[in-house]
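Working notes, structure below.
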């Protein structure tokens with residue numbers, strides 16, 4: 001099991017980005033959360049299999065149809081930092 005915190009930049013708020021992340025995270029068996037940040041980025045904190053996190057990394061770089069992702073920063077964290085048992089939208 002692995003865990004990571006992603007900060008996604010670009011036009012990622014108001015385009016269904018968090019719902020996109022939640023849908024794919026649940027399909028990949030990941031747990032955690034996605035939330036909008038005041039600076040316009042979206043924070044995604046997830047835990048799960050290494051394969052699931054790698055697949056999510058690719059999906060975050062693309063985003064939903066109306067998003068324009070300009071950057072995805074990933075920081076690996078400990079699994080204990082992910083408090084949720086499922087995937088939540090904040």
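Values in this text are rule-based calculations from the coordinates and carry no lab data. This one's a predicted model, so the numbers in the text were calculated from it and none came from an experiment. As a convention, Cβ positions derive from the backbone with ideal geometry for all residues, glycine included, and neighbour counts pool all protein chains shown.
The table below gives the values:
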{"quantity": "Criterion violated by residue 69 - all others in (1) at positive phi; (2) part of a strand (DSSP E or B); (3) over 12 Å from the mean Cα position of the chain (by Cα) satisfied", "calculated": "(1)"}
{"quantity": "Selection within the stretch 37-50 - more than 14 Å from residue 79 (Cβ to Cβ) and in contact (Cβ under 8 Å) with a residue 24 or more places away in the chain", "calculated": "37, 40, 41, 42, 43, 44"}
{"quantity": "Sole exception among (1) on the phi < 0 side of the Ramachandran plot; (2) in contact with a strand residue (DSSP E or B) (Cβ under 7 Å, 6 or more places away or on another chain); (3) surrounded by 13 or more Cβ atoms within 10 Å (Cβ to Cβ) for residue 26, by number", "calculated": "(3)"}
{"quantity": "Number of the condition not met by residue 76 [criteria: (1) in a strand (DSSP E or B); (2) surrounded by 12 or more Cβ atoms within 10 Å (Cβ to Cβ)]", "calculated": "(2)"}
{"quantity": "Only one of 7, 60, 53 that is under 18 Å from residue 87 (Cβ atoms), in contact (Cβ under 8 Å) with a residue 60 or more places away in the chain, touching a strand residue (DSSP E or B) at 6+ places or on another chain (Cβ under 6 Å) and not in a loop (DSSP other than H, G, I, E, B)", "calculated": "7"}
{"quantity": "Residues of the stretch 13-33 satisfying the condition of being farther than 15 Å from residue 74 by Cβ and in a loop (DSSP other than H, G, I, E, B)", "calculated": "13, 14, 15, 16, 28, 29"}
{"quantity": "Members of the stretch 34-46 found to be over 10 Å from the mean Cα position of the chain (by Cα) and either exposed (fewer than 15 other Cβ atoms within 10 Å of the Cβ) or in a strand (DSSP E or B) (or both), listed by number", "calculated": "36, 37, 38, 39, 40"}
{"quantity": "Residue within the stretch 81-89 that is exposed (fewer than 12 other Cβ atoms within 10 Å of the Cβ), more than 11 Å from the chain's Cα centre (by Cα) and touching a residue at least 60 places away in the same chain (Cβ under 8 Å) present", "calculated": "yes"}
